[in-house]
Amino acid sequence: MRVTRMLGVLAAGLGLLIGVMASPSAALPGSFQWRSSGVLISPKSDATHSIAAVKDPSVVYHNGRWHVFGSTASTSGAYSMVYMNFTDWSQAASAQHHYLDRTAIGTGYKAAPQVFYFAPQGLWYLVYQTGDNAAYSTTTDISNPSSWSAPRRFYANGMPQIIRDNIGSGYWVDFWNVCDAANCYLFSSDDNGHLYRSQTSLANFPNGFTNTVMVMQDSNKYRLWEAANVYKLSGSNTYLMLVEAIGGNGKRYFRSWTSNSITGTWTPLADTEANPFARSTNVTFDGTAWTQDISHGEMVRAGVDQTLTVNPCRMQYLYQGLDPAASGGPYNTLPWRLGLLTQTNSDC
């Protein structure tokens, strides 16, 4: 009896050890369920900014505070960027909005920010689009919005030829940087069914982005629209890719893939309208469902650095949503708001 019990204990312990050693990618289910907050962040106009929308959020948690960057769209459809910070999501609605066109980043079209800490240089980077290129600004203090440097361009020669050849009537948008131990990779979309990736060495970043290749393509451009995110799953060599799509009902949602490297083959995870990564059909809401679009956003990360690592257990995603009653106007003045998804069917 004692031997049997001991073997049972050993077996249980071995099972636990195997579970601990197993790749966290096993924690990603084949289908997802989410719960959404209500609207957490809304536009705030001031004497010089008449704001219709806040959108395209990027978020990190650093020194006990949430730091959120986003695009703003004015009531005339002009884009700029905004920053806010707070200690708890319950404070998000009351956080002060700092408009980055008042800093060295300057006025004019700037949108779709991504923020991360580039550890090799000890600098925070803010990556964003300018309409004709990918740009970045840097600071040593993420909490000081006035400290960001003036924009610098990633692509010295402008749009790479492979994108020129395939963009058609689309737009070059949504730049996203992620790094592994050797290289950094800059992803972008063209609103024409193509996803691209350029690369440079970790030592050369932010310079030298070349070797631009097409990562994915779809003859239905709405299935591979924009807002790509790539993350590393903590404790593993698995990467998760999200890309925003537009469904047959005209509403936005996210598809997903995984890979064992940033440059590897991307295997579908939850990538259809019937089985999406995140769509109104697999999201329940706290109270009234305030949006049918689950659109451009960012995962809550496990850290802040250039590896963009996320914990695959009970994931959270900060996203832009839209009151369905307000969805019929010009896109650039639609009243987007920000909400937070929390995964409810985690396997770990």
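The values are calculated or read from the model by the stated rules, or taken from the named source; none is laboratory data. In this text the structure is predicted, and so the values were computed from the model without any measurement. For neighbour counting, all protein chains shown are included, and Cβ atoms are generated from backbone atoms with ideal geometry for every residue, glycine included.
Being of a type outside the set (Val, Ile, Thr) and either in contact with a strand residue (DSSP E or B) (Cβ under 8 Å, 6 or more places away or on another chain) or crowded, with 22+ Cβ neighbours inside 10 Å (or both) is the filter here; which residues of the stretch 95-107 pass it? Spell out the reasoning first.
Just the residues of the stretch 95-107 that are of a type outside the set (Val, Ile, Thr), to begin with: 95-102, 104, 106.
Those that are of a type outside the set (Val, Ile, Thr) and either in contact with a strand residue (DSSP E or B) (Cβ under 8 Å, 6 or more places away or on another chain) or crowded, with 22+ Cβ neighbours inside 10 Å (or both): Ala95, Gln96, His97, His98, Tyr99, Leu100, Asp101, Ala104.
Here are some residues: Ser256, Ser234. Which one is farther than 27 Å from Asn211 by Cα and either at pLDDT 95 or above or of a type in the set (D, E, K, R) (or both)?
It is Ser234.
If I ask for residues that are surrounded by fewer than 22 Cβ atoms within 10 Å (Cβ to Cβ) and under 23 Å from Gly158 (Cβ atoms), which ones from the stretch 174-185 would you list?
Within the stretch 174-185, Asn183, Tyr185 qualify.
If we scan the stretch 82-96, do we find a residue that is in contact with a Gly (Cβ under 8 Å, 6 or more places away or on another chain), at pLDDT 95 or above, among the β-branched types (Val, Ile, Thr) and over 21 Å from Trp336 (Cβ atoms)?
Yes, because at least one residue in the stretch 82-96 is in contact with a Gly (Cβ under 8 Å, 6 or more places away or on another chain), at pLDDT 95 or above, among the β-branched types (Val, Ile, Thr) and over 21 Å from Trp336 (Cβ atoms).
Name every residue in the stretch 242-257 that is farther than 10 Å from Phe277 by Cα and either among the aliphatic types (A, V, I, L, M) or not in a strand (DSSP E or B) (or both), in order of residue number.
Residues satisfying the conditions are Ala245, Ile246, Gly247, Gly248, Asn249, Gly250, Lys251.
Filter the stretch 308-348 down to residues that are outside any strand (DSSP E or B), farther than 18 Å from Ser45 by Cβ and aliphatic (A, V, I, L, M), then give me how many there are.
Residues that pass the stated criteria total 4.
For Val127, only one of the following conditions fails: (1) under 17 Å from Arg152 (Cβ atoms); (2) touching a Pro at 6+ places or on another chain (Cβ under 9 Å); (3) not in a strand (DSSP E or B). What is its number?
(3)
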